Amino acid sequence: MTTSDFTTTISVDEPPKEAFNAINNVRGWWSEEIEGSTDKLNDEFKYHYEDVHRCHMKLIEVIPDKKVVWLVMDNYFKFTKDKSEWKGTKISFEISETDNKTQIRFTHLGLVPEYECYTICRDAWTNYVHNSLHSLITTGKGQPNSTGNPQTEDEMKLGAAVR
């Protein structure tokens, strides 16, 4: 069965517990401006970047050292015509061990090529997972959005496009 949901995978030498802890440290790899708790079942948090992107997430599945799933409760993109994009989608982090490495499979279930935001969102998620989350797991320091500053080139383009 083929799926068009966005998926990307990274591998690290650190144990699954380190990957799990880093995933739940959302401020450490996505954005320092996260409001709310991000590590226990039913926790809810909010993300925002200026007036360009806001979302409200809920942790709906948390299996220590194995899996974390967020439900997108609400979302707003200033740059899309369809204001329902992302709403009701799920963001999944599956952690497994293969050949003495820890593998993290990131899937944004419902982020599909038909979405207006697909290319920008795919590129941004790829950067956050492959660069920032990977760095947080392997070095203890990610590259999250800092207060008021976009992290990725796509976010900078996105911010400039909607001004």
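The values are calculated or read from the model by the stated rules, or taken from the named source; none is laboratory data. Keep in mind it's a predicted model, so treat the numbers as computed, not measured. Here the Cβ is made from the backbone with ideal geometry for all residues, glycine too, and neighbour counts use every protein chain on show.
Determine whether Lys46 is modelled with pLDDT of 95 or more, surrounded by fewer than 17 Cβ atoms within 10 Å (Cβ to Cβ), touching a His at 6+ places or on another chain (Cβ under 9 Å) and not hydroxyl-bearing (Ser, Thr, Tyr).
yes
In the range 24-53, what residues are part of a strand (DSSP E or B) and polar (S, T, N, Q)?
Within the range 24-53, Ser31 is the sole residue that qualifies.
For His56, only one of the following conditions fails: (1) assigned to a strand (DSSP E or B); (2) in contact (Cβ under 8 Å) with a residue 40 or more places away in the chain; (3) crowded, with 17+ Cβ neighbours inside 10 Å. What is its number?
Here His56 clears every test but (2).
Restricting to the range 74-121, name every residue that is small (Gly, Ala, Ser) and under 20 Å from Thr8 (Cβ atoms).
Within the range 74-121, Ser92, Ser96, Gly110 meet the criteria.
Which residues, counting only those in the range 70-88, are of a type in the set (Val, Ile, Thr) and surrounded by 19 or more Cβ atoms within 10 Å (Cβ to Cβ)?
The one that is of a type in the set (Val, Ile, Thr) and surrounded by 19 or more Cβ atoms within 10 Å (Cβ to Cβ): Val72.
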